[in-house]
Amino acid sequence: MNTEETFAQFHQSESETVRIFIPIAELCLQKEGLTIWIKGCLTEVLNQDRCVYTSCNVCKKKTEVELGSHFYCFHATAPHMATSVYRCYLQINFRDESGCVKLTLFDEVAETILQRTTEQISGLSLEEYRSFIGNFLENNKTRMFAIKLVTYKIGEAIRQLRFRAQHVEEVA
Ligand SMILES: [Zn+2]
């Protein structure tokens, strides 16, 4: 089997996977480790001032190290050599008929919804960024998006359910 066939088959099986859509009001009832979808509209962008920061390219944690610098990162349990890179994040409120959820979208997911690259956004001044987000919300109020989420839990004693957005696409 050649590589092209494998690639095609992978993508075919990916698109044929049954998507399980959950009403937002029922998100809190889900178990951890699930892949689920929600469908709705974006109502608010919560980070009004900035959506790009510099981070470690390995563990993705925020760093104050200058962009493009190589440094030794101590954020994770296993310290590692790293490069400081831009990371894009977008905190949004997302709504369907049943309710509303606050989500943080990172990197490609944020770029897809904003239709800009992290590099393009990083070049905006504060004023330009605010106006960009304002226009973005205005133009996207009625657009419907489907977001693929993976559920996970954090915390030791009280295990809180969280949702990691893996993919977003516009739906009719
Ligand atoms: Zn790191």
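The values are calculated or read from the model by the stated rules, or taken from the named source; none is laboratory data. Here the structure is a predicted model, which means the values were calculated and not measured. Positions of Cβ are generated from backbone atoms using ideal geometry, with glycine treated the same way; all protein chains shown enter the neighbour counts.
Look at LYS153 and say whether it is away from the ligand (no atom under 16 Å from the Cβ), modelled with pLDDT of 95 or more and either of a type in the set (Lys, Arg) or at positive phi (or both).
Values: away from the ligand (no atom under 16 Å from the Cβ): yes; modelled with pLDDT of 95 or more: no; either of a type in the set (Lys, Arg) or at positive phi (or both): yes.
So LYS153 fails the test.
Every test in (1) in contact with a Ser or Thr (Cβ under 7 Å, 6 or more places away or on another chain); (2) crowded, with 17+ Cβ neighbours inside 10 Å is passed by VAL150 save one, and that test is (2). Within region 71-129, the residues that satisfy the criterion of being more than 12 Å from the chain's Cα centre (by Cα), closer than 24 Å to THR151 by Cβ and either assigned to a helix (DSSP H, G or I) or in contact (Cβ under 8 Å) with a residue 40 or more places away in the chain (or both) are ASN93, PHE94, ARG95, ASP96, GLU97, SER98, GLY99, CYS100, VAL101. Taken over region 47-70, the criterion of being part of a loop (DSSP other than H, G, I, E, B) and near the ligand (Cβ under 9 Å from one of its atoms) is satisfied by ASN57, VAL58, CYS59, LYS60, LYS61, THR63.
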